[in-house]
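Single-structure report; data block below.
The values are calculated or read from the model by the stated rules, or taken from the named source; none is laboratory data. This one's a predicted model, so the numbers in the text were calculated from it and none came from an experiment. Here Cβ is always computed from backbone atoms with ideal geometry, including for glycine, and neighbour counts include all displayed protein chains. SASA here: full protein model, heavy atoms, side chains in, ligands and nucleic acids out. Shrake-Rupley method; radii C 1.70, N 1.55, O 1.52, S 1.80 Å.
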Amino acid sequence: YDALIYVGGFLGLINLVLGGVGVVLCVTGPPSPGHYRFGIAAIVASVVHAVLLFTIVVGTENANNRILFDSAAKWYQLITQYQSLSFYLAFVIYPDDIPLRGAGTIIFFITGVAEMTRLLLIMMTLSCLAQAAGDQELHENCTRMAGRIALIPGALAIGTMLSQMLIIELGLMQVPWMMYLIYYVTRGIVIVEAVILTFAMHTAGDVVDVCESPYDMDVGLGGTSESF
């Protein structure tokens, strides 16, 4: 299990570094409306996210409610803090009943917000690049993806809050199988957000492709197809 944590943390670190480099390269790309505004904001958000994540890594000693080797616990935090947003409302209402990370939980939520903001601004920067490359559909797709990055954790947070209200107010925490249900629901939320991040990465790859061949599209002319 610890080996998987090291791998995930290493990939998270690579994402943090390459994401920052990628945003800088995006700012130097072909300009379009909002290009510099979103790009510079994305750089600032990336720096804030990195500082908050570094603070967590330096101060952490355990992760996922179990004791790990100190180095494994630190690498665990580098994977992502995005999933923390889905538990925020439940934690605010029932801070003593939500098994999260204890007294320092608030910094995980703040880091999750910074990570979400970073991702959202990166997608908006990519939408500007897609527009500059002449792909209006991809431009709109990037904008929609930015909306999903912001809205889906909010919807999951509301769903988590309502389910926790039902479980706690009805006293279902004492039911033997309820803890297993909570565990698998939590894992399901993590999977949903992993899917969001995967689609965001795929969309970023599409922008790279279209920027390599701007305005390269097939246009039918009298039964023939020519490339422009």
Exercise for review: Any chance you could look up the accessible area of Arg187 with a 1.4 Å probe, heavy atoms only, rounded to 10 Å²?
Suggested key: 80 Å²
Exercise for review: Give me the number: length gained by fully extending Tyr180 to Ala155, i.e. 0.36 nm times residue separation minus the C-alpha to C-alpha distance, one decimal in nm.
Suggested key: 6.8 nm
Check your understanding: Once the piece of chain linking Asp209 and Val51 is laid out straight, how much longer is it, given 0.36 nm per residue of separation minus the C-alpha distance between them?
Key -> 53.8 nm
Practice item. Step through the residues of the stretch 30-40 one at a time and calculate ³J(HN,Hα) from phi using the Karplus curve (6.51 cos²θ - 1.76 cosθ + 1.60, θ = phi - 60°), rounding each to whole Hz and writing x for Gly and Pro. Key: x, x, 7, x, x, 4, 5, 4, 5, x, 5
**Study point:** Thr198/Tyr94 FRET efficiency (R0 25 Å; Cβ-Cβ; nearest 0.05)
**Key:** 0.20
Check your understanding: Which whole-percent values make up P(r) of the stretch 1-46 when all C-alpha to C-alpha distances are grouped in 5 Å steps starting at zero?
Key -> 5, 21, 21, 16, 11, 10, 8, 5, 3, 0
Review point. Across the stretch 184-197, in residue order, what do the Karplus-derived ³J(HN,Hα) couplings come to in whole Hz, using 6.51 cos²θ - 1.76 cosθ + 1.60 with θ = phi - 60° and x for Gly and Pro?
Key: 6, 5, 4, 5, x, 4, 4, 5, 4, 6, 5, 5, 4, 5
Revision key, fill the gap. Taking a crude spin-label model, label points 7 Å out from Cα along the C-beta direction, the Ile168 to Val44 distance in nm is 3.5 nm
Check your understanding: From the Cα gyration tensor of the stretch 101-172, with a ≥ b ≥ c the square roots of its eigenvalues, which class applies: rounded if a/c is under 1.5, or else prolate if a/b is larger than b/c, or else oblate?
Key -> oblate
Check your understanding: Can you work out ³J(HN,Hα) from phi for every residue in the stretch 6-21, in order, using Karplus 6.51 cos²θ - 1.76 cosθ + 1.60 and θ = phi - 60°, giving whole Hz and x for Gly and Pro?
Key -> 4, 5, x, x, 5, 5, x, 5, 4, 4, 5, 6, 5, x, x, 4
